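The values are calculated or read from the model by the stated rules, or taken from the named source; none is laboratory data. Quantities reported herein were computed from a predicted structural model and do not represent experimental measurements. Neighbour counts run over all protein chains shown; Cβ positions are idealised from the backbone, glycine included.
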Amino acid sequence: MIHLTNITKQYGPRVLYKDGSFQIRPGDKIGLVGPNGAGKTTIFRIITGEEGVDSGTVSVEGKTVVGYFSQSVGEMSGRSALEEVKAGAGRVSELAQKLKEYERRLEDSAVNPISDDAMADLLEKYGEAQLEFEGRGGYDLDSRAKEVLTGLGIGPGDYDRGVEQFSGGWKMRIALAKILALQPDVLLMDEPTNHLDIESIIWLEDWLKSYKGALVMTSHDREFMNRLVSRIVEVANKAITVYSGNYEFYVRERQIRLDQLVAEARKQDEMLAKEEEFIARFKARASHAAQVQSRVKKLEKIDRIEIPAEDRVMKFQFPATPRSGNDVVKFDRLGKTFRLEDGRDKNVFRGASGVVKRLDKVAVVGVNGAGKSTLLRIATGSSDPTDGVCQVGASVKLGYFSQHALEVLDPRKTIFQEIHDRIPEATVGYVRNLLGAFLFSGDDVDKKISVLSGGEKSRVVLATILAQPVNFLVLDEPTNHLDIKSREILLQAIQEFDGTVMFVSHDRYFLRHVANRVFELDRGEMRVYEGDYDYYLAQTPRQELKNH
């Protein structure tokens, strides 16, 4: 359907890729991977025609419909959520207009007869349009739009709400619903799980598994990627490389190829050293002139093997933790009620009791709106309970990463100032080393907070937590905006952290590899599971989680 052949793309002197090729075939499920800035989003923009290439060709078969979900949500206003989704039907909307026009012309022909040839042509076009309209699900667009919205967490009660009333994260869900309801031939998705909870991720995963079109996506969610894709296209080191398999296969195969390349480079270096030594020894001897010249020409023709540079990743470990008491935080019949704008009270949870013990790594789980973030805020003292008591234990030193932590950063400060102001007694060298562990080096440390991406801000916040010794980490979606490698570095650091952790995450890989206990908030109540995330899945009555 879509072929990218020998494409080269560069911005000024910076080359993204040279002579790269891959194709998107019907039914393909492709994961697009590579370090930040390598040009993954540019690939999407090239496919959609938003950008061109410097050389090579991009061919898209005739009537191929491409749907593109990006992290940039355009203006939304003046429609309800449901109407906004239906308005994005694209080709279906065009076909609906064509059908109306053909039907009008057929009605007119009863009054103003047309030739047999013209009638045959009109009926043929009408039949083709009707067939395509039906094939693209035009007759069930309304029910499909409702199904997709509900699956993404926007239920019937919100179908008729104006899109301008939704927050940025919920607008992203509406934008995603528009693309899914379109049912394009090729679906391009840039980080589709960023603003979704586990339930919505699971629904999307199931939807994409049964989707008959081709899919190309980027995702920082390792498990989501593994469950869906059967090919990986890597964009890295100015090249496009195709791997046949899921993400786990790619990681293994990439390492095998790298090991082989290193071995070949070593052999080549040994051969080159011998040839260069011969040339150096005999270049002054007339009797060896022909041999020397022959070897010089041989070396000039050899393509030198280049070992790709290591991708930069976060590298840190938490400092030694001061010991806390055995009971880190205790919840006793905790309740929380919010007053809504219309004056009604909304009960989030009630009677929640449990104890977080020293060295626990507790995952707080539950559906969207169950009160997970609220429980974390109460544990940190950022919010007071309506009922019951939250008691923090002795000698607890808190480090808190919240969903709104990025907003706490001062946009007027530089990265260096933001960290140094929190640890004013630290030396310039210490602060620079700390920031270097989070990939901020050289002039990067002088960037203003206001110009940073979401991922960069997340790294700054993690650095502020690391700046001082803590023994109780409370983390609300800490992996948001982090790429897969950075998530794995964070995961390893938390596994090795010699303290207590309480966290919320929608990353199932993260949940499986960190949690040793689970607190579930469900229908206003809290249940405690004395086991890891897999144990929780085996015990929970929530069927939608069982097979995921």
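What the table shows:
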item	result
Any chance Leu409 is buried (at least 20 other Cβ atoms within 10 Å of the Cβ) and closer than 26 Å to Gly381 by Cβ	no
Identity of the residue in region 75-112, of a type in the set (S, T, N, Q) and part of a helix (DSSP H, G or I), that ends up farthest from Gln165 (Cα to Cα)	Ser109
Region 490-540 - residue that is of a type in the set (S, T, N, Q) and not in a helix (DSSP H, G or I) and, of those, modelled with the lowest pLDDT	Thr540
Criterion: in contact with a Pro (Cβ under 9 Å, 6 or more places away or on another chain) and either touching a residue at least 40 places away in the same chain (Cβ under 8 Å) or not assigned by TED's automatic domain parsing to the domain that holds Thr150 (or both) - qualifying residue of Leu258, Leu228	Leu258
Test for Val251: is it within 21 Å of the chain's Cα centre (by Cα), assigned to a helix (DSSP H, G or I), within 24 Å of Gly39 (Cα to Cα) and not basic (Lys, Arg)	yes
Meets criteria (aliphatic (A, V, I, L, M), outside any helix (DSSP H, G or I) and touching a residue at least 40 places away in the same chain (Cβ under 8 Å)) for Leu141	no
Criterion violated by Ile154 - all others in (1) aliphatic (A, V, I, L, M); (2) assigned to a loop (DSSP other than H, G, I, E, B); (3) more than 16 Å from Val73 (Cβ to Cβ) satisfied	(3)
Val356, sole failed condition from (1) over 32 Å from the mean Cα position of the chain (by Cα); (2) modelled with pLDDT of 90 or more	(1)
Residue selected from region 204-232 under the condition in a helix (DSSP H, G or I) and of a type in the set (D, E, K, R), by the criterion surrounded by the fewest Cβ atoms within 10 Å (Cβ to Cβ)	Lys209
Candidates Glu425, Glu456, filtered to the one that is more than 30 Å from Phe338 (Cα to Cα), at pLDDT below 90 and either part of a loop (DSSP other than H, G, I, E, B) or more than 24 Å from the chain's Cα centre (by Cα) (or both)	Glu425
Complete set of residues in region 100-148 that are touching a helix residue (DSSP H, G or I) at 6+ places or on another chain (Cβ under 8 Å) and charged (D, E, K, R)	Glu103, Arg105, Lys125, Glu132, Arg136, Asp142, Arg144, Lys146
Breaking point among (1) part of a helix (DSSP H, G or I); (2) surrounded by 22 or more Cβ atoms within 10 Å (Cβ to Cβ); (3) of a type outside the set (Gly, Ala, Ser), for Leu475	(1)
Residue satisfying condition, being of a type in the set (Ser, Thr, Tyr), under 30 Å from Ser353 (Cα atoms) and touching a helix residue (DSSP H, G or I) at 6+ places or on another chain (Cβ under 6 Å), within set Ser402, Ser373, Ser383	Ser383
Failed item in (1) touching a residue at least 40 places away in the same chain (Cβ under 8 Å); (2) assigned to a helix (DSSP H, G or I); (3) within 25 Å of Thr42 (Cβ to Cβ), with Ile240 passing the rest	(2)
Criterion (more than 24 Å from Arg25 (Cβ to Cβ) and in the same structural domain as Leu99 (by TED's automatic domain parsing)) met by exactly one of Ile202, Ile198, Ile179, Ile154	Ile154
Test: residue in region 457-470 that is in contact with an Asp or Glu (Cβ under 7 Å, 6 or more places away or on another chain) and within 26 Å of Trp203 (Cα to Cα)	no
Any hit, region 350-371, residues being closer than 30 Å to Asp483 by Cβ and either assigned to a helix (DSSP H, G or I) or charged (D, E, K, R) (or both)	yes
Output for region 408-418, where each listed residue is assigned to a helix (DSSP H, G or I) and in contact with a Lys or Arg (Cβ under 9 Å, 6 or more places away or on another chain)	Ile415, Phe416
Filtered residue count, region 272-298, keeping only those that are assigned to a helix (DSSP H, G or I), hydrophobic (A, V, I, L, M, F, W, C) and exposed (fewer than 13 other Cβ atoms within 10 Å of the Cβ)	5
Close pairs (8 angstrom Cβ cut-off, 6 or more residues apart or separate chains): surrounded by 14 or more Cβ atoms within 10 Å (Cβ to Cβ) in region 420-441, β-branched (Val, Ile, Thr) and in a loop (DSSP other than H, G, I, E, B) anywhere	Tyr430/Ile423; Val431/Ile423; Leu439/Val313
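This table checks each residue for (1) buried (at least 19 other Cβ atoms within 10 Å of the Cβ); (2) farther than 30 Å from Asp206 by Cβ.
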residue	(1), (2)
Gly90	no, no
Gln97	no, yes
Asn112	no, yes
Ala175	yes, no
